[in-house]
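The values are calculated or read from the model by the stated rules, or taken from the named source; none is laboratory data. Keep in mind it's a predicted model, so treat the numbers as computed, not measured. Every residue, glycine as well, gets a Cβ built from its backbone with ideal geometry; the counts of neighbours run over all protein chains shown. Each accessible area value is taken on the protein alone, full model and side chains, heavy atoms only, with ligands, DNA and RNA left out. Shrake-Rupley method; radii C 1.70, N 1.55, O 1.52, S 1.80 Å.
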Amino acid sequence: MSFDTPIDRTGSHCAKWDMMPSLYGLPPGEGLAMWVADMEFRPPQVVQTALEKMLAHGIYGYFGDESAYLAAIRWWMANRHGWEVAPEWIFTTHGLVNGTALCVHSFTRPGDAVVLMTPVYHAFARVIKAAGREVLECPLALEDGTARLDLAAWEGLLTGREKMLILCSPHNPGGRVWTAEELRQIADFCVKHDLILVSDEIHHDLVFPGQKHLVMAKAVPGIADRLVMMTASTKTFNIAGAHIGNVIIADPALRKTFANTVNALGISPNSFGMHMATAAYSPEGAAWVDDLMRYIDGNRRLFDEGIAGIPGLRSTPLQATYLAWVDFSGTGMTPAEVIERVEQQAKIATNHGAAFGKGGEAYLRFNLACPRAQVAEAVARLQRAFADLQ
């Protein structure tokens, strides 16, 4: 497919574009939607074909016989990540926000605390707080604009109520691919403080050329008795509306506890998502992802070059994801002043950094998974909006 081809999503019940007028005051004809983390691209043809086959059949009953679905997941993890997964380890959830919530309910109790390495994906804190648990924010350190672990500082923040740590790997919004040593340090931290480690690896396929994601289950195999892995086809193939994800648990005791929660809540899969994921996890899907990341890498370079030309702005060096994380602290402006320029002058809808927790206040997040012409337009608008700094 041509990733340059624009697709009009307005009026399609698309959150990114159809919610922009009410949330940002930006009509689709004027505003650029660069906030919600989905893409402006159609999924690979193999996914479209699977849906067309369902439509042609015309009966949409309960999904049964997961053998092909489980085989596709196992093939993908083995071939793309060198990770061997047993079929009985795999649970299907309604996406990974749902998966996170199920983990919180399974492995913690009201009043317990959950550790987040902030700034980090905002939905984690939302589901933790909604479940009556506390969020302990452990801010990441910055080294030349890149997020780093700060384990020594985190030690002094613990209260003793912590029961879980949620890792975002690769990191959203910082775009970090954690190294093997960093993953070992995180695992050791969890062992030392007796924490369940939930590793959300939804962005694990979206790494740039020259980078390599390492699955936590492979990085530290000795931590299986406290490790919960989360993966999904939705972010990789732009099928988030399918609301399908996988919680993968090797340890029998953890698996039993999680299964009890799933059964108590009556969780069952969406048949559309099952067919889409089965089709996507294939050689055709793999070729599409490789093309996708080469294209987004070009978008990233274009965006970073444009941001570098605006004094006071700094685009975080991305190793993964399609989400640019831009630091505006060098402008000397307040976050409110920055947001006014970006949203009201440049007319770009972004995610506000404060929503990602401590350390994110001076940042905005921009979605680069769109035709290159839109990235070029966004850069031009930002340069005009901050022209007085140049």
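Gaussian network model of the chain, Cα springs within a sub-10 Å range: biggest mean-square fluctuation belongs to which of 246, 260, 270?
260
Which sequence of 62, 69 reflects their accessible areas, 1.4 Å probe, from the largest down?
Putting 62, 69 in descending order of accessible area: 62, 69.
Multiply the residue gap between residue 22 and residue 84 by 0.36 nm, knock off their C-alpha separation, and tell me the result in nm, one decimal place.
Fully extending the segment from residue 22 to residue 84 adds 17.8 nm.
Hull surface divided by four, with the convex hull built on the Cα atoms of region 89-160: how many nm²?
Averaged projected hull area, Cα only: 6.1 nm².
Take 225, 290, 8 and sort them by solvent-accessible surface of the protein heavy atoms, 1.4 Å probe, largest at the top.
8, 225, 290
Could you state the number of Å between the C-alpha centres of region 83-133 and region 352-390?
Taking the Cα centre of each part, region 352-390 and region 83-133 sit 29 Å apart.
If you take the beta carbon distance between residue 109 and residue 66 as r and set R0 to 35 Å, what does 1/(1 + (r/R0)^6) give as a FRET efficiency, to the nearest 0.05?
That gives a FRET efficiency of 0.65.
Heavy atoms only, probe 1.4 Å: what % of the accessible area of the chain goes to carbon and sulfur, would you let me know?
54 percent
Would you mind calculating the relative contact order of the chain from Cα pairs under 8 angstrom and at least 6 residues apart, reporting the percent as a whole number?
After rounding, I find 23 percent.
Across bins of 10 angstrom width beginning at 0, how are the C-alpha pair distances of region 331-390 distributed, in whole percent?
22, 52, 25, 1
In square angstrom, rounded to the nearest 10, how much accessible surface does residue 22 have for a 1.4 Å probe?
90 Å²
Of the GluC sites (Glu not before Pro) in region 50-130, which ones lie in a loop per DSSP and count no more than 13 other C-beta atoms within 10 Å?
84
Pick out which of 53, 212, 358 has the largest mean-square fluctuation in a Gaussian network model of the chain, springs linking Cα atoms closer than 10 Å.
Highest fluctuation among the options: 53.
DSSP beta bridges in the chain, what fraction antiparallel, as a percent rounded to 5?
Beta bridges within the chain, antiparallel portion: roughly 50 percent.
When ligands, DNA and RNA are left out and all protein chains stay put, how many square angstrom of accessible area per residue does region 136-219 have with a 1.4 Å probe?
That works out to 37 Å² for each residue.
Could you check which residue among 315, 329, 67 shows the biggest mean-square fluctuation in a GNM of the chain with a 10 Å Cα cutoff?
Largest GNM mean-square fluctuation: 67.
So how much slack lies between residue 194 and residue 142, counting 0.36 nm per residue of separation and subtracting their Cα-Cα distance, in nm?
The residue 194-residue 142 span can extend by a further 16.1 nm.
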